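Visitor: Provided herewith is a single structure, encoded as structure tokens, for subsequent inquiry.
The values are calculated or read from the model by the stated rules, or taken from the named source; none is laboratory data. Only a predicted model underlies this, so the values are computations on that prediction, with no experimental measurement involved. Methodologically, a virtual Cβ is constructed for each residue, glycine included, from the backbone with ideal geometry; neighbour enumeration extends over all protein chains shown.
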Amino acid sequence: MVRRSQDEPSSADHESYRAAPATGGWPGIPDRPRQFVSRARLLDLIDADPGCSLVLVSAPAGTGKTSLVVDWATTRAPERLEWITFDAGDVLWPAFVEALERLGIAVPAGPLPPGDAPLDSRVRRELAVAIASEPEAITIVMDGFDVSSAVVADDLDFLLRHTGHRLRLVMLTRADPVLPLYRYRLEESMTEVRMADLALTDEEAGTVLDLMGVPLRADSVHLLNARTRGWVTGTRFAGKFLGDHEDPDADVGDVMGESGSIAEYLMGEVLAAHSPEVLDLLMTMSVPDTVEPGLALALGGHSAVRGLSSLARVNVFIERVPGHAEHYRFHPFFRDLLRAELGYRAPGTLLDLQRRTADWYAREGMLTPAARHYAAIEAWTDLAGLVTDHDAWRQLLLADGTHPLVQELRAIPTALEDPDVVLVRAALALAERDPAAFDREVARLSGATDPGEDVRRALALLLAVRGRDAADPRESAALADAAGLALVSTGGRAESDPGMVPLVCAMQGLGHLREGDVPGAREALRLGADAADRAGELALLVECLGLLALIACCEGDTTRAATLAARAARTASDAGLTVCVLPRAPRIAQAWVALEQFDLRAASEHVDVAARADFVLGDPVSNAMLALVTARLRAAQGDRATAIATIGAALERLGTQDAWLVARLRLELVPWLLARGETTEANEELAQVDDELAGPAVSLAAGQVRLAQGDDVAAATAYARARDQHAPVPVRVAGSLAECARLLRAGAPVQAHRAVVEALQLARPSTLRRPFHEASVPVRQLIQQDRQLATAHAWLFERTGPAAARPRPGSGVESRQPAPVEQLTEKEMEVLGHLAALLTTDEIAAEMYISVNTVRTHVRNILRKLGVTRRNAAVRVAREYELLPG
């Protein structure tokens with residue numbers, strides 16, 4: 001009998017992770033290994049229900065069953081405990097009765113049955129009465145006895161049920177006993193510790209390795225522990241393997257393939273105990289990584305399905321996959337051993353099983369595992385045929401380059417000329433943004449005899465994707481339409497892969513958009529978004545929604561653009577899209593809307609993400625719109641030179657054939673060139689714009705140029721066209737503000753006031769602030785100095801984003817920044833507004849009709865009163881004080 005002394009550490013003093021002393025000297029209990037790590041979480045699991053009758057610790061060899069229970073028995077177990085270690089061939093009852101006698105229990109006289117024979121009914125009853133009569137409960141640990149006999153199980157069950165909760169059995173076994181475990185679970189009279197519970201955590205594995213003198217970084221421990229799945233013995237073997245290495249962290253990858261010692265252990269401790277029939281079943285089922293019910297049937301027949309269930313129960317390093325009924329998987333080391341053994345004994349059988357596994361996955365539409373098994377036997381044409389047979393082209397085009405399917409397909413030899421193989425290589429070239437390689441692969445098909453309908457349809461699709469960024473938008477549109485026709489002509493094939501529809505629609509929408517057919521583009525993209533939503537193709541749904549949002553931006557409907565872009569952002573988040581597979585369009589639209597509301601911080605964040613996004617289906621529209629928004633942001637930040645350079649670079653990339661995009665970009669240059677006094681250059685840009693493609697925005701730019709040229713009448717006529725009720729709202733707002741500036745210069749303040757009120761009323765529903773920030777200084781002063789107008793349209797001066805929480809002056813809430821010590825005069829406020837508009841000293845003097853020296857005096861006073869030394873700092877601080885709109 002084992003008793004714990006008074007000076008022995010209690011459970012409260014027991015460290016969760018420490019090397020524990022050996023248990024030598026305590027009768028019957030084995031010693032713990034030298035590198036033992038006590039695990040409080042498992043001790044707590046055993047102690048979770050002290051009143052339960054059965055503690056079952058059932059797991060394969062080397063998982064730490066015995067060490068765990070030794071730790072529990074010597075630190076936490078009750079005083080009346082006996083440990084029985086069974087060897088092969090031992091029978092239960094003699095050892096069990098001897099343990100009772102050592103505990104001081106008077107056992108009945110009479111012969112004990114031999115082997116697995118049942119107890120005499122009288123002896124069984126008297127044993128139960130003797131145990132039940134004890135004043136305290138007793139605990140018996142049975143280490144290594146597999147209860148496989150129904151009669152032995154019946155006798156044990158009788159004792160557990162008829163001893164008045166005075167008997168507690170702790171069973172350490174590699175195979176579940178044939179006891180009625182379902183009843184114990186229902187009655188909650190059993191505690192179970194399984195292989196998953198015994199698996200080392202990363203922290204525990206690191207502690208074991210530390211004790212072995214092999215300290216590893218946390219990432220190395222995680223990598224190793226993932227490979228061993230927390231198998232204690234596997235971790236110790238790994239530690240011994242790495243012990244003599246100078247840089248264990250660098251050599252962790254090598255231990256993954258080290259199987260000598262582990263293989264010997266598994267062969268001796270696991271495989272040797274099974275019959276040839278069981279070993280054949282294990283080797284057959286080891287071919288796939290996960291064995292599903294249908295696959296088990298295909299590989300081994302009905303007996304295999306039943307055999308797997310039995311093998312999982314006897315703990316041979318095979319386990320059920322959580323959450324998937326009748327799905328099984330092997331421990332990685334054990335699986336690799338079985339595959340190697342099968343390859344050694346019957347290489348032809350291994351090849352046959354690999355093909356049957358691949359064929360089954362292919363029939364089930366599970367392309368990645370099918371590809372892995374075809375690649376394993378170098379069945380390259382079958383591997384490429386997977387993509388053609390399942391129309392999986394969009395998966396190749398949209399998948400990250402690290403996707404397992406892509407990785408398997410990249411292994412196909414370049415020398416193969418099969419049409420399916422050539423198409424797969426062409427698709428991978430598109431995904432990798434290598435148009436030259438794509439063109440080379442497609443050229444290989446030119447001499448092929450009738451490649452078949454599937455190949456022709458796939459080729460039409462790939463050509464359309466290749467044509468998204470073709471120099472001529474007409475070619476892009478034609479290729480997209482050809483892909484649409486190819487899809488329609490196949491009838492039911494589209495239904496088998498509904499994801500093809502949104503892909504083709506997205507390409508058609510882009511083709512129409514590049515040609516300037518905005519209604520046609522909108523309709524194609526709307527159909528694509530609906531189809532993608534139905535098919536669950538979230539990446540394509542994000543792209544279609546994003547492009548629709550960009551169209552709304554171009555049409556001036558920022559409210560709709562914001563709604564579409566927000567939906568796209570939510571969808572991208574739900575899909576878990578990373579930046580490398582994130583379409584740019586939604587972020588560009590969000591940046592566009594933020595700029596219109598003059599939220600420069602949010603706009604900058606969206607531009608940054610859009611610039612890093614690298615969606616495989618890139619297109620000139622998104623790229624051009626990103627350049628446009630980026631340039632607007634730079635101009636709003638006062639860097640017109642960079643804004644002009646950004647547009648210029650985008651125009652060089654486009655060439656002249658993308659006339660619709662070119663027109664929009666050239667119009668952006670006009671006001672910035674005029675602001676720099678480059679009227680001739682602005683007029684030259686305007687002259688190159690196609691009026692029909694540019695729409696009402698060209699009238700606004702024309703008015704600005706004519707006014708700069710001194711043609712007031714022509715400017716008024718152009719502004720009137722820009723303010724037409726059918727023009728986009730941002731154009732109408734900017735047109736009204738430009739007309740206000742013209743009227744102020746012409747000495748018509750009443751009409752100017754009406755024009756600015758019109759602009760404010762138009763802009764208010766969509767919170768359009770950018771046109772007011774970019775308006776001329778007299779227009780901004782008119783709004784700021786008219787208290788009634790400024791009060792009625794306080795939204796114009798409000799901030800969005802993180803700065804919105806700052807209280808406005810006079811709100812009754814303390815501001816984060818103190819007010820200036822001295823109030824700025826009216827003239828100083830006017831100069832401050834010119835400084836914010838980045839006017840030079842000479843330009844300010846000209847605008848205010850004062851001398852340059854007077855301007856400099858005002859500037860010095862502003863800097864002194866605001867406590868700064870530079871003009872840009874004065875503007876920044878003035879905005880903090882809310883003396884200027886944000």
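Visitor: Is it true that THR201 is closer than 26 Å to ARG335 by Cα, in contact with a Gly (Cβ under 9 Å, 6 or more places away or on another chain), of a type outside the set (A, V, I, L, M, F, W, C) and crowded, with 22+ Cβ neighbours inside 10 Å?
Guide: No.
Visitor: Has the range 370-381 got any residue that is more than 17 Å from LEU299 (Cα to Cα), more than 29 Å from the chain's Cα centre (by Cα) and in a helix (DSSP H, G or I)?
Guide: Yes, the range 370-381 contains a residue that is more than 17 Å from LEU299 (Cα to Cα), more than 29 Å from the chain's Cα centre (by Cα) and in a helix (DSSP H, G or I).
Visitor: Which of the helices (runs of 4 or more DSSP H) found entirely inside the range 821-885 contain at least 1 residues meeting this: of a type in the set (Ser, Thr, Tyr) and free of Cβ contacts under 8 Å to residues at least 40 places away in the same chain?
Guide: By residue number, 841-848, 852-866.
Visitor: What is the number of the single condition among (1) charged (D, E, K, R); (2) touching a residue at least 12 places away in the same chain (Cβ under 8 Å); (3) assigned to a helix (DSSP H, G or I) that ARG754 does not meet?
Guide: Exception for ARG754: condition (2).
Visitor: Of all the residues that make up the range 87-136, how many are part of a loop (DSSP other than H, G, I, E, B) and β-branched (Val, Ile, Thr)?
Guide: 3
Visitor: Right, next: Taking the criterion of being out of contact with any helix residue (DSSP H, G or I) (no Cβ under 7 Å at 6 or more places or on another chain) and free of Cβ contacts under 8 Å to residues at least 24 places away in the same chain, would at least one residue in the range 636-643 satisfy it?
Guide: Yes, that holds for at least one residue.
Visitor: Also: Taking the condition within 19 Å of the chain's Cα centre (by Cα) and not β-branched (Val, Ile, Thr), does PRO620 pass?
Guide: Answer is no for this residue.
Visitor: Would the range 610-631 turn up any residue that is hydrophobic (A, V, I, L, M, F, W, C), surrounded by fewer than 18 Cβ atoms within 10 Å (Cβ to Cβ) and part of a helix (DSSP H, G or I)?
Guide: The answer is yes; a qualifying residue exists.
Visitor: Also: Only one of these conditions is not met by GLN35: (1) assigned by TED's automatic domain parsing to the domain that holds GLU187; (2) closer than 20 Å to THR233 by Cβ; (3) not aromatic (Phe, Trp, Tyr). Which number is it?
Guide: The failed condition is (1).
Visitor: Looking at the range 601-655, which of the residues that are in contact with an Asp or Glu (Cβ under 9 Å, 6 or more places away or on another chain), within 30 Å of ALA427 (Cβ to Cβ) and among the β-branched types (Val, Ile, Thr) is modelled with the lowest pLDDT?
Guide: VAL616
Residues checked against (1) of a type outside the set (Phe, Trp, Tyr); (2) closer than 22 Å to TRP660 by Cβ; (3) buried (at least 19 other Cβ atoms within 10 Å of the Cβ):
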{"site": "ALA535", "(1), (2), (3)": "yes, no, no"}
{"site": "CYS544", "(1), (2), (3)": "yes, yes, yes"}
{"site": "GLU555", "(1), (2), (3)": "yes, yes, no"}
{"site": "ALA566", "(1), (2), (3)": "yes, no, no"}
{"site": "ILE588", "(1), (2), (3)": "yes, yes, yes"}
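Visitor: A follow-up question, please. Is it the case, given these coordinates, that GLY677 is among the small types (Gly, Ala, Ser), more than 18 Å from ASP658 (Cβ to Cβ) and not assigned by TED's automatic domain parsing to the domain that holds PRO730?
Guide: yes
Visitor: What residue, among those in the range 109-130 that are farther than 14 Å from LEU159 by Cα and surrounded by 13 or more Cβ atoms within 10 Å (Cβ to Cβ), is modelled with the highest pLDDT?
Guide: Among those residues, the one meeting the criterion is ALA117.
Visitor: Another one. Within the group ALA371, ALA399, ALA426, ALA415, which residue is modelled with pLDDT under 90 and touching a helix residue (DSSP H, G or I) at 6+ places or on another chain (Cβ under 6 Å)?
Guide: ALA399
Visitor: On the basis of being of a type in the set (S, T, N, Q), modelled with pLDDT of 90 or more, in contact with a His (Cβ under 6 Å, 6 or more places away or on another chain) and over 20 Å from LEU396 (Cβ atoms), does GLN590 make the cut?
Guide: Yes: the conditions hold for GLN590.
Visitor: Residues in the range 353-369: is at least one touching a residue at least 24 places away in the same chain (Cβ under 8 Å) and in a loop (DSSP other than H, G, I, E, B)?
Guide: Yes: the range 353-369 contains one or more residues that are touching a residue at least 24 places away in the same chain (Cβ under 8 Å) and in a loop (DSSP other than H, G, I, E, B).
Visitor: Same structure again: Given ALA506, ALA529, ALA524, ALA539, which one is free of Cβ contacts under 8 Å to residues at least 24 places away in the same chain, part of a helix (DSSP H, G or I) and either closer than 21 Å to LEU661 by Cα or not charged (D, E, K, R) (or both)?
Guide: ALA524
Visitor: If a residue must be under 13 Å from LEU510 (Cβ atoms) and either within 31 Å of the chain's Cα centre (by Cα) or β-branched (Val, Ile, Thr) (or both), how many such residues does the range 461-476 contain?
Guide: Within the range 461-476, residues that are under 13 Å from LEU510 (Cβ atoms) and either within 31 Å of the chain's Cα centre (by Cα) or β-branched (Val, Ile, Thr) (or both) number 6.
Visitor: Now for a separate question. Give the number of residues within the range 42-56 that are surrounded by fewer than 14 Cβ atoms within 10 Å (Cβ to Cβ) and of a type in the set (A, V, I, L, M, F, W, C).
Guide: 1
Visitor: Same structure, new question: Looking at VAL147 and the list (1) aliphatic (A, V, I, L, M); (2) under 41 Å from the mean Cα position of the chain (by Cα); (3) not in a helix (DSSP H, G or I), which single condition is not satisfied?
Guide: For VAL147, the exception is condition (2).
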